[in-house]
Amino acid sequence: MTKTYTSLEEMDREIQRTLMQSPKVPTALIAGHFPIVNQNQAGTEYDDLFGIFQERTFESGCKIVAESKKRSGNHKLALLCDDHTGTGNSQWYLPENDADLFAQKVARGVKEFYQNFQMPDNYQEIMDKHSITTDDFINGGAERSLLFSEGQYRRQFAEERPGQKVNCAGEYELILRDLAEKGTTRVVTYAPQRCYGPTCNAVNNLGANWKKTTGRKSPLRVTHIYLPTGQRSDTNEMLDTPEKLERAANEVLGGIHVKTWG
């Protein structure tokens, strides 16, 4: 099922209204997805890869979790980190690269990033605004941080399914599976529009593989909210404000598309 919205605020209200109909359902909100940039810094500001996407979606997720807390709900944030695209070696995590000296250097830097991770100032300000604490996150466990590491799941996919191509779809499928195994039954993901194909494939693959492994259907109800990121594809304008983000969604993508399975 797919719905389309023309307003970020309208979309936020509708997602929150839908989720608050059953606030005690264990729900993960994958919001604020950000990359590692500039020698292992958290790219939560307006970088070329994501623009305002990460900050705007993080606030959407925080607002929903805050409302859930008022109702003794069971909604948590899941913070995903792209730790490969901007590192200089986007495949450092592959087992076959373990002996490569540059891959080793990148892996050490990524490990150090997670071990020293502190919530970026702009994210902490949003959390404080909505009375969100680290207790409101599902622990991703990347090097004892609360983050979910894309590289970790990509390596896991390569080890579990040798010979298959390691890509966004495989990584995201394992993230969804991990959330299901942690007891989550509903996932809402704010995803870059460029990830539409891989994320849809991941949900479908999860369903097929869960059925094959357990004999049962996947326990997850999954919703994807697709937004543009970085720069407009037609003008290269930087999407560094919510207004520009909303305008690009409507003028380039034909609206904010929300797709649900289950």
Which one of these does Ser218 not meet: (1) of a type in the set (Gly, Ala, Ser); (2) out of contact with any Leu (no Cβ under 6 Å at 6 or more places or on another chain); (3) modelled with pLDDT under 95? (2)
With modelled with pLDDT of 95 or more, over 23 Å from Thr213 (Cβ atoms) and crowded, with 19+ Cβ neighbours inside 10 Å as the only criterion, which of Asp136, Asp128 stands out? Asp136
Among what's in segment 6-29 and is under 20 Å from the mean Cα position of the chain (by Cα) and not in a helix (DSSP H, G or I), pick the residue that is farthest from Leu179 (Cα to Cα). Val25
Determine whether Tyr172 is crowded, with 20+ Cβ neighbours inside 10 Å, under 18 Å from Thr260 (Cα atoms) and free of Cβ contacts under 8 Å to residues at least 60 places away in the same chain. yes
Read through the list (1) over 28 Å from Pro26 (Cα atoms); (2) in contact with a Pro (Cβ under 9 Å, 6 or more places away or on another chain); (3) basic (Lys, Arg), then give the number of the only condition that Arg108 fails. (2)
Reported set for segment 70-86 where residues are within 15 Å of Gln152 (Cα to Cα) and of a type in the set (Ser, Thr, Tyr) is Thr85
Could you list, in sequence order, the residues of segment 99-130 that are without any contact (Cβ under 8 Å) to a residue 60 or more places away in the chain and within 25 Å of Phe53 (Cβ to Cβ)? Val106, Tyr114, Asn116, Gln118, Met119, Asp121, Gln124, Glu125, Asp128
Return yes when Thr184 is in contact (Cβ under 8 Å) with a residue 40 or more places away in the chain, hydroxyl-bearing (Ser, Thr, Tyr), buried (at least 19 other Cβ atoms within 10 Å of the Cβ) and within 27 Å of Asn74 (Cα to Cα) and no when it is not. yes
So which residues in segment 131-165 are within 16 Å of Gln115 (Cα to Cα), in a loop (DSSP other than H, G, I, E, B), in contact with a helix residue (DSSP H, G or I) (Cβ under 8 Å, 6 or more places away or on another chain) and in contact (Cβ under 8 Å) with a residue 60 or more places away in the chain, if there are any at all? Leu146, Leu147
Residues of segment 238-262 that turn out to be acidic (Asp, Glu), at pLDDT 95 or above and either more than 19 Å from Glu59 (Cβ to Cβ) or surrounded by fewer than 22 Cβ atoms within 10 Å (Cβ to Cβ) (or both), as a count: 2
Candidate set from segment 45-98 (those that are assigned to a loop (DSSP other than H, G, I, E, B) and without any contact (Cβ under 8 Å) to a residue 12 or more places away in the chain); member that is surrounded by the fewest Cβ atoms within 10 Å (Cβ to Cβ): Asp98
May I ask you to verify whether Pro192 is crowded, with 20+ Cβ neighbours inside 10 Å and in contact (Cβ under 8 Å) with a residue 40 or more places away in the chain? yes
Tell me yes or no: at least one residue of segment 201-218 is part of a strand (DSSP E or B), closer than 27 Å to His75 by Cβ, out of contact with any helix residue (DSSP H, G or I) (no Cβ under 6 Å at 6 or more places or on another chain) and of a type in the set (Ser, Thr, Tyr). no
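The values are calculated or read from the model by the stated rules, or taken from the named source; none is laboratory data. Note that this is a predicted model, so its numbers are computed, not measured. Because the Cβ atoms are built from the backbone with ideal geometry, glycine has one as well, and the counts that use them run over all protein chains shown.
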